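J.: Please see the structure below; I have some questions.
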Amino acid sequence: MPRPLVTRTAALLVLLIGPSCAGSAATDDPDAGMLAFNNHCRQCHSYIKGDNRLGPSLYGVVGRKAGTAPGYGNYSDSVKNSGITWTPENIEKWITNPEAFIPNNNMKPFGGVADADVRRKIISFLAADTKMHNAATGSGSGE
Ligand code: HEC
C-alpha cells in the first residue's frame, strides 16, 4: 500500500524548507548589518554622504584611502599618515582592536567589537553601502 500523500508532501516540505531556512540565516541580511552598525558605530559615525559626526562619514568608505573623508577635520596624524586603504580586511582589523592596528588614533573610547560575526555583518553593510555609492556616482573609487 502506498504511503499517504500528505506524509510524503510533508517530508518533501521539510527537505525543501529546512535547508533553505538555515541558508538564509547564514547569508548577510542588510538589516542585521544596519542594526549592528547602529549598535556599535552610529553613536559616532553616519553612513550618509558628507555627514561627519564625531567620526568621519563612512559613506563609501570601503576602498577609500584612510583619512580622506571630505570635510572631516578630526583625523589623527596616525590615521592620516597610515597610508592604508579601507579594504574589508583592514576594516576588520581596525574594528577588532583600533589601537593595535593604528596606535594613537582618535577613535576613542571605542574598544573594538569582540564578536567576529557582528564585525562581518557591519563590514558587509558598509560594503553594500559603498556599492550603491559607486553605482550612483559611476566611479570605482571611494570619493
Ligand atoms: C567613540 C566614537 C566612535 C565609535 C563608537 C566608532 N568610531 Fe570609527 N572613528 C571615530 C573617530 C573619531 C575616527 C577618526 C580616527 C582618527 O583619525 O584617528 C574614526 C575613524 C574610523 C574609520 C576611518 C575612516 C577614514 O575616513 O579614514 C573607520 C573605517 C571607522 N572609524 C569605522 C568604525 C566602525 C565600523 C565602527 C563601529 C564598529 C566605529 N568606527 C565606531 C569615532 C568612532
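The values are calculated or read from the model by the stated rules, or taken from the named source; none is laboratory data. Please read all numbers here as calculations on a predicted model, not as lab measurements. Note that we place each Cβ from the backbone using ideal geometry, even for glycine, and neighbour counts take in every protein chain shown.
J.: Against the definition (over 21 Å from R119 (Cβ atoms) and either surrounded by fewer than 15 Cβ atoms within 10 Å (Cβ to Cβ) or modelled with pLDDT under 95 (or both)), how does N52 come out, yes or no? Walk me through it before giving the result.
T.: Working: over 21 Å from R119 (Cβ atoms): yes; either surrounded by fewer than 15 Cβ atoms within 10 Å (Cβ to Cβ) or modelled with pLDDT under 95 (or both): no.
Criteria not met by N52.
J.: Just a yes or no: is a residue in segment 71-85 of a type in the set (A, V, I, L, M), surrounded by 15 or more Cβ atoms within 10 Å (Cβ to Cβ) and either closer than 22 Å to D29 by Cα or modelled with pLDDT under 95 (or both)?
T.: Within segment 71-85 (the criterion being of a type in the set (A, V, I, L, M), surrounded by 15 or more Cβ atoms within 10 Å (Cβ to Cβ) and either closer than 22 Å to D29 by Cα or modelled with pLDDT under 95 (or both)), the answer is no, since none of the residues qualifies.
J.: Taking only pairs six or more apart or across chains, which ones have beta-carbon atoms under 8 Å, a first residue in segment 67-87 that is touching a residue at least 12 places away in the same chain (Cβ under 8 Å), and a second residue that is within 9 Å of the ligand (Cβ to nearest atom) and assigned to a strand (DSSP E or B)?
T.: Within 8 Å, the pairs are I84/K65; T85/K65; W86/K65.
J.: Also: Only one of (1) touching a helix residue (DSSP H, G or I) at 6+ places or on another chain (Cβ under 7 Å); (2) part of a helix (DSSP H, G or I) is not met by N104, so which one is it?
T.: So N104 meets the others, but not (2).
J.: How many residues, within segment 85-101, are assigned to a helix (DSSP H, G or I) and polar (S, T, N, Q)?
T.: Counting residues in segment 85-101 that are assigned to a helix (DSSP H, G or I) and polar (S, T, N, Q) gives 2.
J.: Please find, within segment 105-127, the residue that is nearest to N81 (Cα to Cα) out of those that are among the charged types (D, E, K, R) and either modelled with pLDDT under 95 or more than 12 Å from the chain's Cα centre (by Cα) (or both).
T.: Only one residue fits best here, namely K108.
J.: Same structure, new question: Considering only segment 59-76, how many residues are near the ligand (Cβ under 8 Å from one of its atoms) and farther than 14 Å from N90 by Cα?
T.: 6
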